[in-house]
């Protein structure tokens, strides 16, 4: 016969309870430690990301360009003076005496024209003048006779005055004939084409028997150039225009004639800039007594000029070409980027000249990335050896 006796579970001992509590504390500590490590790792990752987001750039200080320097410009050589010789009268070419390359003197005969029309007009004019001179002589005799009769009271004074007026009219007609004959004589004299000054014939545009018209409406017969001196024209950029002075020396080199330079002098300037090219037209005069130089060739003109502005030379790889225009990335005292608009002068290939936008002590970013923007924080580093070699 069974008895109703209840059995309760055994209670853990005091040591077991302590073990369980310690195990729980360890588990909680491990969980807290893991959380702290993850927070710390995330914080470090955030700091690394922020540090990596700040770009590192190398900078240079621009080098001031020399204020006094030799400026070499291309120029065009022209003759001291040249003239296109036209016929002053209409006729046919009877003979020509010189060809291209001939050296001629002032007044030397170049060609002769056959002018039958002018010759006939001159003959007619002289005949008409002789007729009018005879009428004038008869009118003078008649006027003198009637003037004498009028003083004697044999004829009315009015009749004497009429014959006197007729005589004066005939005299004026003779004067007109004389002027017409002189004009025709001058036209006939123009059948002889003479050189207007000493020079060289550079063009001949006539042949025997060809009809030539008077004036510039027809083609020119000759072109004559005076090459005893030469004019060399150069266009000086606006930056150096104020430094050009009349009388300053210039050195002219022509590739056609080897390395020997020719001495010249600035003779005159336009005293105004070309609005299209912003350059100053300048003329250099060069003596050519030995006729070694010829007009029409290109020349290199070296001028010793000084700039009135403060220019700088920087490497070409500092330029930023953007829609806003040409810029340089400058670094201020807080190591922040400032995008500075600049104006370039001469391009030397690896370096360029900045004529506006830079000042002493500016720090310019080398090879700036396109991602740079105004006010961006950057870090500075020294340029490496390759970059130092490219510094101006």
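Taken together, the values in this text are just the output of simple stated rules run on the coordinates, not laboratory data. Keep in mind that this is a model prediction, so the values were computed, not measured. Don't worry about glycine lacking a Cβ; one is built from the backbone with ideal geometry, like all the others, and counts go over all protein chains shown.
Just one of the numbered conditions (1) part of a helix (DSSP H, G or I); (2) out of contact with any helix residue (DSSP H, G or I) (no Cβ under 8 Å at 6 or more places or on another chain) is not true of residue 154: (1). Of all residues in the range 352-362, those satisfying the criterion of being surrounded by fewer than 19 Cβ atoms within 10 Å (Cβ to Cβ) and over 21 Å from the mean Cα position of the chain (by Cα) are 357, 359, 360, 361.
Which of the residues that make up the range 146-161 are surrounded by fewer than 17 Cβ atoms within 10 Å (Cβ to Cβ) and free of Cβ contacts under 8 Å to residues at least 12 places away in the same chain? Across the range 146-161, the qualifying residues are 148, 149, 151, 152, 153, 154, 155, 156, 157, 158, 161.
Of all the residues that make up the range 204-220, how many are outside any loop (DSSP other than H, G, I, E, B) and crowded, with 16+ Cβ neighbours inside 10 Å? Qualifying residue count for the region: 2.
On the given criteria, is residue 89 in a loop (DSSP other than H, G, I, E, B) and surrounded by 13 or more Cβ atoms within 10 Å (Cβ to Cβ)? Before the answer, list the steps.
Values: in a loop (DSSP other than H, G, I, E, B): yes; surrounded by 13 or more Cβ atoms within 10 Å (Cβ to Cβ): yes.
Taking the combined requirement at face value, the residue satisfies it.
Which residue out of 313, 294 is surrounded by 16 or more Cβ atoms within 10 Å (Cβ to Cβ) and assigned to a loop (DSSP other than H, G, I, E, B)? Give the derivation first.
Numbers: 313 fails: assigned to a loop (DSSP other than H, G, I, E, B).
Going through 313, 294 in turn, just one is surrounded by 16 or more Cβ atoms within 10 Å (Cβ to Cβ) and assigned to a loop (DSSP other than H, G, I, E, B): 294.
Quick check: anything in the range 191-200 assigned to a helix (DSSP H, G or I) and touching a residue at least 24 places away in the same chain (Cβ under 8 Å)? Full working, then the answer.
From the range 191-200, those assigned to a helix (DSSP H, G or I) are none; that's our starting set.
No, the range 191-200 contains no residue that is assigned to a helix (DSSP H, G or I) and touching a residue at least 24 places away in the same chain (Cβ under 8 Å).
Among the residues of the range 221-235, is there at least one that is part of a loop (DSSP other than H, G, I, E, B) and surrounded by fewer than 16 Cβ atoms within 10 Å (Cβ to Cβ)? No - not one qualifying residue is present in the range 221-235.
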